[in-house]
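Asks: Okay, here's the structure, questions in a sec.
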């Protein structure tokens with residue numbers, strides 16, 4: 001396949017480049033507007049109990065969680081003063097008259113309900129529900145928010161609610177993408193010039209990266225027509241598109257220039273680069289794509305969207321690097337070295353830095369490996385205290401409008417927006433409702449229970465006996481529709497906290513006279529965590545099996561896949577420890593500019609594992625391919641390790657620094673979990689490239705010796721060895737045509 005790709009690229013370079021440019025020109029305008037079609041939701045399981053109950057409530061009772069909140073502060077006096085009451089009532093009526101806005105309720109229209117007023121009497125709430133799908137809600141907020149964000153002589157009005165939070169997140173994501181690209185591209189170009197020593201060669205990885213990104217945007221644009229796609233997929237597309245394109249292009253262009261220095265003409269050099277470095281790129285791309293494809297196991301739109309974007313941009317970056325990039329190299333010819341600022345001296349591998357590092361490690365492999373593993377486990381220890389929670393307004397900076405409103409709501413108002421809705425079937429009787437509502441009100445963490453039979457005092461309300469009926473006003477009629485009913489359980493605890501999740505379980509476990517379904521923010525969190533954790537073993541198993549198969553197909557060894565997967569998982573421990581220590585516990589929050597909530601969204605550790613594992617395996621394949629190449633030429637085990645690390649080390653170091661720059665650019669995002677994504681992956685690639693590849697890989701491979709390339713005889717027939725490989729022996733080893741032990745192989 002690679003021989004055919006090499007012939008195609010080198011024999012018809014102009015046709016290949018022209019076709020690629022044409023596709024990019026078509027994809028740019030078609031995919032450029034994809035952000036307007038993407039969703040910012042998708043963190044819940046649509047098949048869960050909470051999702052089904054929420055849909056039933058909307059269908060049967062025409063109710064849903066309020067997603068728009070107006071925080072009203074009176075200029076003078078209190079919210080009960082005549083002037084404030086008149087202005088507040090007018091504001092409520094104005095909002096109720098807006099098309100697409102239902103269920104408008106305010107302190108003044110609800111008979112001065114105390115839960116809609118703060119303790120000082122200077123603030124009150126107007127809550128409502130903007131109807132329609134997310135796109136329609138987002139469009140309505142674009143006009144509603146500026147119209148109702150006002151200050152006059154009587155009232156100061158601020159806009160919040162989950163719809164406004166989503167709207168502000170969408171806006172921030174689009175601006176953050178532009179800023180990240182503006183930061184990353186010039187710095188990346190400078191680093192590429194430093195790596196290549198020339199301008200022309202440095203531009204090629206950026207060309208491949210931008211074409212990969214544009215192509216993936218078009219793929220996402222087509223996917224939107226058949227399924228929901230998360231807006232956060234854009235961040236992953238740009239980050240991986242630049243990162244992997246740089247990795248792959250570095251490998252191919254560096255190999256091409258090696259072949260030119262060896263005396264080959266540009267066409268031959270490009271073809272040889274495809275059949276050597278291109279083979280590594282192809283397997284690396286397949287491995288990265290396979291790791292990220294397992295995200296489709298999970299039922300969340302967020303994670304599935306990441307799979308769509310990651311697989312698309314990885315495959316495109318790989319294809320462009322082994323088809324279009326060689327064609328560009330042929331067309332450039334010797335000009336690939338044009339605008340060279342300096343020429344890197346080529347010295348024997350044994351004089352290189354990474355060669356010396358490898359030989360030093362291999363003299364004491366066991367102590368070095370033990371120390372490195374102990375360090376990684378120590379850095380990963382904070383992950384043991386991981387707490388899974390849900391995203392809320394605190395993903396936004398504290399200066400954002402919606403965030404300021406919700407900070408006030410948390411401090412001065414009850415947890416109305418975190419109420420649990422308990423849906424009962426048809427045919428329930430009022431005495432049963434009364435007894436069940438009273439029972440729920442006695443559960444820990446309940447402020448009150450609203451039902452068709454009235455309002456019941458909860459355990460979280462002072463000076464009130466839990467379960468006592470407080471109010472039987474006509475407003476409770478809204479809790480029935482035909483023969484069906486539902487109850488509202490208002491918590492006295494933070495809905496997304498551990499206590500809030502415990503309340504969900506207590507409500508579901510409480511004895512009910514009929515089958516019930518529970519929904520609400522905290523119920524959705526409990527269901528999402530359950531869906532994720534139950535599917536996680538399958539996803540991990542798929543990652544391990546697919547990766548092992550691909551590595552076996554590339555190297556013909558069963559030892560390499562086992563050690564590679566173990567080392568790559570180990571390399572992620574520092575990243576996962578940092579995720580918890582920094583973003584859950586809040587260390588460095590002031591420096592990085594985010595608010596710690598005491599937990600991480602359940603989807604983020606899974607996403608981080610798949611992306612970081614894929615990038616780690618990318619470096620593993622690149623390094624092992626050079627080691628195996630030296631081994632197949634006849635070098636002994638230790639010499640092949642040291643020489644391979646020297647030949648790949650410079651490229652891996654440059655690639656790691658470059659992709660770290662790209663990720664740090666995304667860490668400037670104003671959305672905290674995008675910041676987490678950038679910081680976490682930057683740390684992951686740096687730890688992997690310097691600590692794992694520089695110490696653990698040579699140490700472990702020195703300890704395993706020639707067994708690195710061993711596989712059982714039956715599996716040898718499944719692996720096609722390259723023609724230039726030495727003939728294999730019956731036990732899977734190559735015929736030993738090497739000289740006797742060198743100083744590296746001699747016992748120390």
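Asks: Looking at 599, 634, 614, which is the one that is surrounded by fewer than 23 Cβ atoms within 10 Å (Cβ to Cβ), within 32 Å of the chain's Cα centre (by Cα) and at pLDDT below 90?
Replies: 599
Rundown of residues vs (1) in contact with a strand residue (DSSP E or B) (Cβ under 9 Å, 6 or more places away or on another chain); (2) farther than 26 Å from residue 478 by Cβ, yes/no style:
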residue	(1), (2)
380	no, yes
384	no, yes
387	yes, yes
391	yes, yes
404	yes, yes
425	yes, no
432	yes, no
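Asks: To continue, here is another question. Exactly one of these conditions fails for residue 138: (1) more than 24 Å from the chain's Cα centre (by Cα); (2) in a helix (DSSP H, G or I). Give me its number.
Replies: Residue 138 satisfies every listed condition except (1).
Asks: Let me ask you something else. Go through (1) in contact with a helix residue (DSSP H, G or I) (Cβ under 6 Å, 6 or more places away or on another chain); (2) assigned by TED's automatic domain parsing to the domain that holds residue 139; (3) touching a residue at least 24 places away in the same chain (Cβ under 8 Å) and name the single condition residue 98 misses.
Replies: With (1) in contact with a helix residue (DSSP H, G or I) (Cβ under 6 Å, 6 or more places away or on another chain); (2) assigned by TED's automatic domain parsing to the domain that holds residue 139; (3) touching a residue at least 24 places away in the same chain (Cβ under 8 Å) applied to residue 98, the lone miss is (1).
Asks: Also, I was wondering about something else. Taking the stretch 479-498 on its own, how many of its residues are modelled with pLDDT of 85 or more and surrounded by fewer than 16 Cβ atoms within 10 Å (Cβ to Cβ)?
Replies: Result for the stretch 479-498: 1.
Asks: In the set 606, 621, 580, which member is over 23 Å from residue 398 (Cβ atoms) and at pLDDT 90 or above?
Replies: Just one listed residue meets the conditions, 606.
Asks: If you don't mind, there's one more thing I want to ask. Being closer than 25 Å to residue 233 by Cβ and buried (at least 18 other Cβ atoms within 10 Å of the Cβ): is that true of residue 202 here? Spell out how you get there, then give the answer.
Replies: Values: closer than 25 Å to residue 233 by Cβ: no; buried (at least 18 other Cβ atoms within 10 Å of the Cβ): yes.
No: the conditions fail for residue 202.
Asks: Quick one: which residue in 662, 679, 697 is modelled with pLDDT of 90 or more and buried (at least 24 other Cβ atoms within 10 Å of the Cβ)?
Replies: Residue meeting the stated conditions: 697.
Asks: Then there's this: What number goes with the only condition from (1) touching a helix residue (DSSP H, G or I) at 6+ places or on another chain (Cβ under 9 Å); (2) closer than 20 Å to residue 519 by Cβ that residue 459 does not pass?
Replies: (2)
Asks: Further, regarding this structure: So, in the stretch 443-475, how many residues would count as being buried (at least 17 other Cβ atoms within 10 Å of the Cβ) and assigned to a loop (DSSP other than H, G, I, E, B)?
Replies: Looking only at that region, the number is 10.
Asks: Specify which of the listed residues (313, 323) is assigned by TED's automatic domain parsing to the domain that holds residue 14, surrounded by fewer than 21 Cβ atoms within 10 Å (Cβ to Cβ), at pLDDT 90 or above and part of a helix (DSSP H, G or I).
Replies: Sole residue among the options that is assigned by TED's automatic domain parsing to the domain that holds residue 14, surrounded by fewer than 21 Cβ atoms within 10 Å (Cβ to Cβ), at pLDDT 90 or above and part of a helix (DSSP H, G or I): 323.
Asks: Take residue 493 and decide whether it is more than 27 Å from residue 102 (Cα to Cα), in a loop (DSSP other than H, G, I, E, B) and touching a helix residue (DSSP H, G or I) at 6+ places or on another chain (Cβ under 9 Å).
Replies: Spelling it out, residue 493 is indeed more than 27 Å from residue 102 (Cα to Cα), in a loop (DSSP other than H, G, I, E, B) and touching a helix residue (DSSP H, G or I) at 6+ places or on another chain (Cβ under 9 Å).
Asks: Return the residue satisfying two criteria in turn: it lies in the stretch 372-410 and is part of a loop (DSSP other than H, G, I, E, B) and touching a helix residue (DSSP H, G or I) at 6+ places or on another chain (Cβ under 6 Å), and of such residues it is nearest to residue 576 (Cα to Cα).
Replies: Taking the candidates together, the pick is 386.
Asks: What is the residue count in the stretch 181-199 for residues that are part of a helix (DSSP H, G or I) and surrounded by fewer than 23 Cβ atoms within 10 Å (Cβ to Cβ)?
Replies: Number satisfying all stated conditions: 12.
Yes or no, residue by residue, for (1) within 30 Å of residue 484 (Cβ to Cβ); (2) touching a residue at least 60 places away in the same chain (Cβ under 8 Å); (3) outside the structural domain of residue 306 (by TED's automatic domain parsing):
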site: 51; (1), (2), (3): yes, yes, yes
site: 58; (1), (2), (3): yes, no, yes
site: 80; (1), (2), (3): no, no, yes
site: 90; (1), (2), (3): no, no, yes
site: 94; (1), (2), (3): no, no, yes
site: 104; (1), (2), (3): yes, no, yes
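Asks: Within the stretch 702-710, does at least one residue satisfy the condition of being modelled with pLDDT of 85 or more, within 29 Å of residue 279 (Cα to Cα) and in a loop (DSSP other than H, G, I, E, B)?
Replies: Yes, the conditions are met somewhere in the stretch 702-710.
The values are calculated or read from the model by the stated rules, or taken from the named source; none is laboratory data. These numbers were taken from a predicted model, which means no experiment stands behind them. Note: ideal-geometry Cβ built from the backbone for every residue, glycine included; neighbour counts use all protein chains shown.
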